[in-house]
């Protein structure tokens, strides 16, 4: 069995599991949690393209998510755009923005890149709060219309679940394919050594900007979906903390692992639900998780599983 | 109030905030020079300084000066623990892991502060009364004078430390070339630890002297930390005059921008400056251009 055949089997199994899950879930509460897992998975997979594949950090991805949500919200509530059209417009807008700022931002490396993306994220967050006439300011924006497809209106937990997960699965499929493509290999080369990649004929600068743009575009799409399913958005969902949470999801799951991003997103979405008893403890636990995982499990959970499986195999052979 | 008076008022408050940014920027630069790490948790030590002082003052009813000394001591101790538990175990770590670890630490410290002290904002009483002083038509609080004086003292003291003491010289040697420094018998590990101690001490002091002016809360460290970083970037990551000028410049631009343009965008100004500098001159306005080593 070749690697790509194995990838197809794993993806199909995962997709089937996702499609069956709502039939097994009891109650709207859990269904709603799984809608959030879907949105977060989409965001984490998008960030993973940049962080895990190309090795470029972004501490401002919540801004792209927010821009998608707000552009969708403003176009539909003020200019009577069709929600699907608004979604396309939002994704294109954010893609263009990311492409333009990508060139100067991705020239920076390491800590400086982290700070620049962080700065960008905070500027956008401040704009969400201050342009009250457009965004409703800190108190948010409501009355965003639901998406609909023919007779189906995506306004219930069940319909939202399938809507979100179709997009999430498509994002994952795109990433799996990208990982196995020439571009995926070029990105991993950049991750390991930019100079070596350049010597091998990879247009490092352009490729970094392109993957940044794709990642931002998918995040904007997730933002639009979020706006149209929740029908209410406020700046608090798109701040620095959420950017860090996204990075945490990718790290916990494992850099460069697509199913790892899903795992990370699922854990970080479920954790606050379980920790509700401990109220406010979640932020402390995120911090601890980040430190402990980086020191002891740099490959994330997926990397940890693989190491464990390898160890068991060795023991079997011995 | 006349327009020119107002400008002087903005300049004064800008200089006072700018001094704080400069101090925080110093903390960034000291750790960066010793280790090459940008410590994202720097702002949390600023928060710890203010919160711990209020804690010792209100709960143990200690005199102000004792409370301050204890707060700086505890912050420094936390800095030591942070270095030992989170930084030292990571040998040859990539910048990415280091960014993530210091972010993790900052979240952890902030979260712990929230659990201990709650989400309320707290006020530290001014060091010497609240009677305003008048200067060229602008008003100034005695606390502003404290800020200017203490910032000057800290900066001069660190200058003396880095240039005239054996530890200071050793730290500079490490910053210049840590391998060569270790060859002449300098313990690089100790110097890294020392850099974390000094920068958490300076950070907490900055938090203490600003606390009477701006209320303190568990989440004040993020913004102050980032602005301190901005000051250090303008200064080219030097722990010298560049960062001081960077901090003051940032403070003044921010306060003029907030006063003359819009107060809502006050925080955005710092980050726009940060981005412009990173895009145009990543080595800082006062830094020397360096070639990258592969």
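Read-outs: derived from the displayed coordinates by stated rules, not from any lab. What you see is a predicted model; the values in this text were computed from it and never measured. Ideal geometry is used to build each Cβ from the backbone, glycine not excepted, and the neighbour counts take in all protein chains shown.
With a point put 7 Å past each Cα toward its Cβ, work out how far residue A:26 is from residue B:176 in nm, to one decimal.
Once both label points are built, they end up 7.3 nm from each other.
What residue among A:241, A:28, A:177 shows peak mean-square fluctuation when chain A is described by a Gaussian network model with Cα springs under 10 Å?
Evaluated over chain A, the most mobile residue of the options is A:28.
Taking neighbour Cβ counts within 10 Å as the exposure measure, how do A:77, A:41, A:2 sort from fewest upward?
Fewest-to-most Cβ neighbours within 10 Å comes out as A:2, A:77, A:41.
For a distance above 20 Å, tell me the whole-number percent of Cα pairs in region B:1-158 that qualify.
Across region B:1-158, Cα pairs with separations above 20 Å total 60 percent.
Under a plain spin-label model, where a point goes 7 Å from the Cα along Cα-to-Cβ, how far apart in nm are residue B:161 and residue B:139?
3.6
With angles folded into 0 to 90 degrees, how steeply does helix B:188-210 sit against the dominant principal axis of chain B? Use alpha carbons for both and round to 10.
It works out to around 10 degrees.
Run the numbers on chain A and let me know its relative contact order in percent, using alpha-carbon pairs under 8 Å that are six or more apart.
32
Over all alpha-carbon pairs of region A:92-135, lay out the pair-distance distribution in 10 Å bins, whole %, shortest bin first.
26, 45, 25, 4
Kindly identify region A:1-139 as rounded, prolate or oblate by the Cα gyration tensor criterion: order the square roots of the eigenvalues as a ≥ b ≥ c, call it rounded if a/c is under 1.5, otherwise compare a/b with b/c, prolate if a/b is larger, else oblate.
Verdict is oblate for region A:1-139.
Sticking with the crude label model, points 7 Å out along Cα→Cβ, report the distance from residue B:256 to residue A:166 in nm, one decimal please.
Here the answer is 5.5 nm between the modelled labels.
Can you grab the distance from the C-alpha centre of region B:239-267 to the C-alpha centre of region A:68-105, Å, no decimals?
32
Once the principal axes of the Cα atoms of region A:155-257 are found, what is the range along each, listed largest first in whole angstroms?
Projected onto the principal axes, the Cα atoms of region A:155-257 cover 52, 28, 25 Å.
Once each part is reduced to its C-alpha centroid, what is the distance from region B:70-129 to region A:137-203 in angstrom?
Cα centroid to Cα centroid, the span is 35 Å.
Can you sort A:238, B:60, A:99, A:232 so the residue with the fewest Cβ neighbours within 10 Å comes first?
B:60, A:232, A:99, A:238
If you wrap a convex hull around the Cα atoms of region A:3-239, how much volume per residue is inside, in Å³?
About 128 Å³ per residue, rounded to a whole number.
Just to confirm the number: angle between the C-alpha axis of helix B:42-59 and the first principal axis of chain B, 0 to 90 degrees, nearest 10?
In chain B, helix B:42-59 runs at an angle near 60 degrees to the longest axis.
On average over all directions, what projected area in square nanometres does region A:1-56 have, based on the convex hull of its Cα atoms?
For region A:1-56, averaging the hull's shadow over all directions gives 5.0 nm².
Give me Rg/Rg_expected for chain B, where Rg uses Cα atoms only and Rg_expected = 2.2 N^0.38 Å with N residues.
Its radius of gyration relative to the 2.2 N^0.38 Å reference: 0.99.
Can you sort A:74, A:105 from fewest to most other Cβ atoms within 10 Å of each residue's own Cβ?
Going from sparsest to densest Cβ surroundings: A:74, A:105.
Nearest 10 degrees is fine. How inclined is helix B:3-35 to the longest principal axis of chain B, computing both from alpha carbons?
The angle comes out near 20 degrees.
Using only Cα atoms, locate the centre of region A:233-304 and the centre of region B:132-189, then give the distance between them in Å, rounded to an integer.
Computed from Cα coordinates, the inter-centre distance equals 37 Å.
Work out Dmax and Rg for region B:116-264 from the C-alpha atoms and quote the Rg first, both in angstrom.
Taking only Cα atoms of region B:116-264, I get Rg and Dmax of 18.4, 58 Å.
Pairs of Cα atoms under 8 Å, at least six residues apart: use those to get the relative contact order of region B:1-139, whole percent.
With pairs under 8 Å counted, the relative contact order is 33 percent.
In deg cm²/dmol, rounded to 500, what helix-only [θ] at 222 nm does chain A give when every DSSP H run of at least 4 residues adds -39500 (n - 2.57) and the total is split over its residues?
-25500 deg cm²/dmol
So how many Å³ per residue does the convex hull of the Cα atoms of the protein assembly as shown work out to?
Spelled out: Cα convex hull of the protein assembly as shown, divided by residues, is 187 Å³.
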